[in-house]
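The structure appears right after this line, and notes come after that.
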Amino acid sequence: MTQADHKLSTHLIHHPYKPPTDFEGPQPAVHKASTVYFENVQAMRERRWLDKSSYTYGLHGTPTTYALEERLASLEGGLQCLLVPSGLAAIATVSLALLRTGDEVLVPDNAYGPNKTLTEGELAHFGIRHQYYDPMSVEDLAAKITPATKLVWLEAPGSVTMEFPNLVEQVRLCRARGVTMVLDNTWGAGLAFRPFDLLGDGSLGVDVTAHALTKYPSGGGDVLMGSIITRNQPLHMRIKLAHMRLGLGVSGNDAEAVLRSLPSIGLRYHAQDRSARQLAQWLATQSAVAQVLHPAMPDAPGHACWKQLCAQGQGQDGVAAGLFSVVIDERFDQAAVDRFCDNLRLFKLGYSWGGPVSLVVPYELPEMRSRATPHIKAGTVVRFAIGLEDTADLQADLAQALLKAFG
Ligand SMILES: *Cc1c(COP(=O)(O)O)cnc(C)c1O
C-alpha cells in the first residue's frame with residue numbers, strides 16, 4: 001500500500017516525514033512517552049531497561065529524563081540517579097527498597113516531618129520498627145544502632161529547627177557499623193557540601209541521597225520531583241528494582257522544567273543565601289525575636305559542624321541555603337505570631353522553598369519532636385524561606401509586620 005491509499009486519520013498518525021535528528025540547541029528536547037517503539041520483535045525481546053543503553057517504556061526513561069538524571073548525579077557527586085514524582089516519594093522509595101519486616105530504621109528527631117509520618121505509618125504497618133535519635137549526639141546514634149538496624153536517615157541541617165549535626169562523625173559511625181545511610185540532601189542541594197565526599201579526599205561519604213528537586217533544582221515553585229542518587233551499582237540496582245515495581249516516573253514537561261532551571265541553581269542558591277543571612281542577622285536585633293536558627297550564625301546549634309562542612313574551600317563565609325527560622329519570644333502568644341504572619345505582604349504563607357517567592361510558616365514545635373529541645377528557646381518557631389525579591393524590600397516587609405503584631 002502506498003501513502004495515497006491511506007485515509008487522512010491514518011496518514012496523520014503514520015506520517016512519513018521525519019525531521020533530521022541532529023538538532024542541537026541550549027535545552028535538551030522534551031520527550032514524552034508511555035509507548036516506545038521497537039524496530040522488530042527481536043529488539044523487543046532483547047529490551048534492556050536496567051541501564052541507559054536503550055529505551056523500553058516511558059516509565060523506564062526517555063532522553064529527557066536520562067539527561068536530567070546524569071546532570072543531577074553530577075551535581076551531587078554521585079554516579080546513578082533515579083527520578084520520582086516528589087521529594088517525599090524519594091524518601092519513601094529508599095525506605096521501601098532497603099527495609100523489610102523485622103528491620104529497624106533510625107531517623108533523626110528533627111527529620112522532615114512526612115519522613116517520620118511515613119515511618120510511623122506504612123513502614124510500621126509492614127513490621128519495620130524505628131527509633132528517633134538525637135541528631136546532635138553521635139553517642140545517641142551509636143547507642144541506638146543494633147544488628148536489626150538496616151538503614152539510618154541523616155539530615156543536615158534538620159527541618160525547621162535547623163540544627164547542623166556532626167555529619168562526618170555520623171557517617172564514620174554508620175560506615176564502621178556497616179549500616180547503610182541515606183541523607184536527605186534537599187538543603188545542601190549538592191552546593192553546600194559534597195555528600196559523597198565529605199572530607200574532600202574521597203575517603204568518606206553517604207551511601208544514598210534523597211533530594212526534593214521541588215526546591216532548588218526546580219527553583220520555580222511549580223514542579224514536584226525527587227531524586228535518589230548513589231555511587232554504588234548494586235545498591236542502585238536494589239533501589240531501581242523497587243522503583244520499577246512501584247511504577248514511579250516523572251513527566252517529560254516537568255523534567256524539562258528542572259533541566260531549564262539547573263544552569264542557574266548556583267546563582268540562585270548563593271543569592272538566596274546572601275539575602276537570608278542579611279535578614280537573619282537583622283531579625284536577631286529585633287526585640288520580639290528570642291533566637292535565630294540559621295546554621296551560619298555563630299550561636300546556632302551545630303554551627304561548628306556547619307562550618308567544618310560548608311566553609312571548607314568555599315571562602316570564609318561558607319555556603320548555606322536561603323532558609324532559616326526564628327523563635328518569637330514566649331511573652332507573645334500564638335495569636336500575636338499569627339498576626340505577624342498574616343500581616344506580611346511579600347512573604348506568602350505556604351510550604352516548600354527554593355522558589356522566587358519568599359515564604360513563611362509558623363510551627364508548633366512540641367508536636368513535632370519526640371525529645372526535648374533544650375537548645376531551642378521557649379516561644380513560637382516561625383520559618384522563613386527567602387526568595388529572589390530585593391532584600392531591602394523583604395526587610396521592610398518584616399519590619400512593618402513585626403510592628404503591627406508585637407508593637
Ligand atoms: C520539601 C522537602 C521534602 C519533600 O519534597 P516534596 O517534593 O515536597 O515531596 C523532603 N525533604 C526535605 C528536607 C524537604 O524540605
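The values are calculated or read from the model by the stated rules, or taken from the named source; none is laboratory data. These numbers come from a predicted model, not from an experiment. As a convention, Cβ positions derive from the backbone with ideal geometry for all residues, glycine included, and neighbour counts pool all protein chains shown.
For residues in segment 225-240 being among the aliphatic types (A, V, I, L, M) and in contact with a helix residue (DSSP H, G or I) (Cβ under 9 Å, 6 or more places away or on another chain), which is nearest to the ligand (Cβ to nearest atom)?
Per the criteria, the residue is Met225.
Tell me, which residue of segment 183-213 that is under 8 Å from the mean Cα position of the chain (by Cα) and aliphatic (A, V, I, L, M) is surrounded by the most Cβ atoms within 10 Å (Cβ to Cβ)?
Leu213
Condition first: surrounded by 23 or more Cβ atoms within 10 Å (Cβ to Cβ), in a loop (DSSP other than H, G, I, E, B) and either assigned by the TED database to the domain that holds Ser218 or polar (S, T, N, Q) (or both). Can you find one or more residues in segment 250-273 that meet it?
Yes, segment 250-273 has at least one match.
In segment 17-101, which helices (runs of 4 or more DSSP H) lie fully inside it and hold 3 or more residues that are at pLDDT 95 or above and surrounded by fewer than 21 Cβ atoms within 10 Å (Cβ to Cβ)?
The qualifying helices (runs of 4 or more DSSP H) are 63-76, 87-98.
Given the structure, is Arg45 charged (D, E, K, R) and farther than 25 Å from Leu262 by Cβ?
yes
Let's see how each residue does on (1) within 16 Å of the ligand (Cβ to nearest atom); (2) touching a residue at least 40 places away in the same chain (Cβ under 8 Å); (3) not in a strand (DSSP E or B):
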site	(1), (2), (3)
Phe324	yes, yes, no
Phe340	no, yes, yes
Glu367	no, no, yes
Pro374	no, no, yes
Leu388	no, yes, yes
Ala392	no, no, yes
Gln395	no, yes, yes
Gln400	no, yes, yes
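Could you please give the count of residues in segment 145-182 that are part of a helix (DSSP H, G or I) and buried (at least 19 other Cβ atoms within 10 Å of the Cβ)?
Within segment 145-182, residues that are part of a helix (DSSP H, G or I) and buried (at least 19 other Cβ atoms within 10 Å of the Cβ) number 4.
Determine the pairs where a residue that is polar (S, T, N, Q), located within segment 146-159, has a partner that is within 11 Å of the ligand (Cβ to nearest atom) and not in a loop (DSSP other than H, G, I, E, B) with Cβ atoms under 8 Å apart, the partner being 6 or more residues away or on another chain.
Ser159/Gly113
Does segment 208-222 contain at least one residue that is without any contact (Cβ under 8 Å) to a residue 60 or more places away in the chain, in the same structural domain as Ile91 (by the TED database) and aliphatic (A, V, I, L, M)? Quick ask: steps written out before the conclusion?
Keep residues of segment 208-222 that are without any contact (Cβ under 8 Å) to a residue 60 or more places away in the chain, which gives none.
Within segment 208-222, none of the residues are without any contact (Cβ under 8 Å) to a residue 60 or more places away in the chain, in the same structural domain as Ile91 (by the TED database) and aliphatic (A, V, I, L, M).
For Gly113, all conditions in the list (1) away from the ligand (no atom under 13 Å from the Cβ); (2) under 19 Å from Pro301 (Cβ atoms) hold save one; what is the number of the exception?
(1)
Give just the number: which of (1) closer than 23 Å to Ser159 by Cβ; (2) modelled with pLDDT under 95 does Asp317 not satisfy?
Result: Asp317 passes all but (1).
Taking Leu96, is it among the aliphatic types (A, V, I, L, M), within 16 Å of the ligand (Cβ to nearest atom) and more than 14 Å from the chain's Cα centre (by Cα)?
yes
Please go through (1) surrounded by fewer than 15 Cβ atoms within 10 Å (Cβ to Cβ); (2) not assigned by the TED database to the domain that holds Asp397 for Gln281 and return the number of the only condition it doesn't satisfy.
Condition (2) is where Gln281 drops out.
Looking at (1) within 16 Å of the ligand (Cβ to nearest atom); (2) more than 16 Å from the chain's Cα centre (by Cα); (3) at positive phi, which is the one condition that is false for Gly221?
If we test Gly221 against (1) within 16 Å of the ligand (Cβ to nearest atom); (2) more than 16 Å from the chain's Cα centre (by Cα); (3) at positive phi, just (2) comes out false.
Tell me, yes or no, whether segment 94-107 has at least one residue that is over 20 Å from Gly247 (Cα atoms) and in contact with an Asp or Glu (Cβ under 8 Å, 6 or more places away or on another chain).
Of segment 94-107, the ones over 20 Å from Gly247 (Cα atoms) are 101-107.
Filter once more, so that each one left must be in contact with an Asp or Glu (Cβ under 8 Å, 6 or more places away or on another chain): none.
No.
Condition test on Gly200, is it assigned by the TED database to the domain that holds Pro165, modelled with pLDDT under 95 and either in contact with a helix residue (DSSP H, G or I) (Cβ under 8 Å, 6 or more places away or on another chain) or in a loop (DSSP other than H, G, I, E, B) (or both)?
The answer is yes for Gly200.
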